[in-house]
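Notes follow once the structure below has been shown.
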Amino acid sequence: VECNLITMPGVTNQDLTQNLIDVCSDRTDSLAIVDVENDYQPIYENVALDADSRKPDPQQASDNLVARNINSSYGCSFYPYVRIQDEATAQQLFVPPSVIALGTFASSEAASAVWFAPAGFVRGGLTAGAAGLNVVGVSYRLTATERDTLYEANINPIASFPSEGLVVFGQKTLQITPSALDRINVRRLMIYVKREV
């Protein structure tokens, strides 16, 4: 199946997310958007847990991803869950960050090109509609320190700023080795060029 992005929204099982990254690495023509553990768990996903147990834990999420030692530019991750307004039912619900990332990639590519960063206040501004969904909040408001911790672990934070609103605040791949390919826009450019050639 021809594609350039693959995701399994809400799936955080390490074996499955690693397999998704491996599939993209083997294909060399797609990027995996994976969700990580220790993020918000909606009540409909795990009714056994109380509200406190379902809260996100950015430090633990970062520690777990670092321990996995993933070194691939064919994968990326975002954090945390966001709250959207469902147009069909007029209700608010939480969706995994991979859903928002996918929408942001699509709108960034449509507005500019595949090699522009799908992040920042212009192409990653969720309040301005960059995800293609009506994003109204985040499941957890990250502090500056937590944003830095996530970013150092190659998890792209979804930040909330009082004056600018919600924004995708990073575009790192899961590659540990420093190079141009540790950025999503560069990996997507290479995928595009390879397909065109």
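The values are calculated or read from the model by the stated rules, or taken from the named source; none is laboratory data. Source: prediction; values computed, not measured. When we count neighbours, we look across all protein chains shown, and the Cβ atoms used for this are built from the backbone with ideal geometry, even at glycine. All accessible areas refer to the heavy atoms of the entire protein, side chains included, with ligands and DNA or RNA removed. Shrake-Rupley method; radii C 1.70, N 1.55, O 1.52, S 1.80 Å.
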request  = Using Cα centres only, tell me the gap between the range 1-42 and the range 128-197 in whole Å.
outcome  = 15 Å
query = Got a sec? Charge dipole of the range 1-112, +1 on Cβ for Lys and Arg, -1 for Asp and Glu; which of Ile84, Asn71, Leu20 is way out at the positive end?
reply = Ile84
remark   = Scalar couplings 3J(HN,Hα) for the range 99-107 by Karplus 6.51 cos²θ - 1.76 cosθ + 1.60 (θ = phi - 60°), nearest whole Hz, x for Gly and Pro, are 5, 5, 4, 4, x, 5, 4, 5, 5
task = Please state, to two decimals, what the Cα-based radius of gyration of the range 134-197 comes to when divided by 2.2 N^0.38 Å (N = residues).
result = 1.36
Neighbour-limited loop hits for chymotrypsin sites (Phe, Trp or Tyr not before Pro), the range 36-100 (at most 14 other Cβ within 10 Å; DSSP other than H, G, I, E, B) = Tyr44
Size of charge dipole - the chain - debye, nearest 20, with Cβ of Lys, Arg +1 and Asp, Glu -1, no other charges = 500 debye
message = Bin width 5 Å, origin at 0, all Cα-Cα pairs of the range 68-118: what percent of pairs per bin?
response = 4, 17, 18, 20, 19, 12, 6, 3, 0
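Write down the accessible area per residue of the chain in Å², having rolled a 1.4 Å probe over the full set of protein chains.
On the way: 9590 Å² over 197 residues.
With all protein chains present, the chain gives 49 Å² per residue.
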Entry for percent of Cα pairs over 30 Å apart (calculated from the structure that is shown) out of (1) 41; (2) 18; (3) 14 = (3)
query = Whose amide H sits under 5 Å from the amide H of Gly137, counting only residues 5 or more places off or on another chain, with H placed in the peptide plane?
reply = Arg83
note = A correct Karplus calculation of ³J(HN,Hα) over the range 168-183, with 6.51 cos²θ - 1.76 cosθ + 1.60, θ = phi - 60°, whole Hz and x for Gly and Pro, returns 6, 10, x, 8, 8, 8, 8, 6, 7, 5, x, 5, 4, 6, 8, 10
query = Hey, what D do you get for the range 73-184 in µm²/s if you plug the Kirkwood alpha-carbon radius into Stokes-Einstein at 10 °C and 1.306 mPa s?
reply = 113 µm²/s
ask   = Which percent of the accessible heavy-atom area of the range 1-41 goes to carbon and sulfur, probe 1.4 angstrom?
value = 46 percent
message = When 1/r is averaged over all different Cα pairs and the result inverted, which Kirkwood radius in Å belongs to the range 1-90?
response = 14.5 Å
message = Can you give me the long-range amide H partners of Leu31? Hydrogens built in the peptide plane at 1.01 Å from N, cutoff under 5 Å, separation of 5 or more residues or another chain.
response = Leu5, Ile6
key: Apportionment of accessible area to carbon and sulfur, the range 77-150, percent (1.4 Å)   = 55 percent
request  = Return the sequence-ordered ³J(HN,Hα) values of the range 61-73 in whole Hz as given by the Karplus equation 6.51 cos²θ - 1.76 cosθ + 1.60 applied to θ = phi - 60°, using x for Gly and Pro.
outcome  = 4, 5, 4, 5, 5, 4, 5, 6, 6, 6, 10, 9, 7
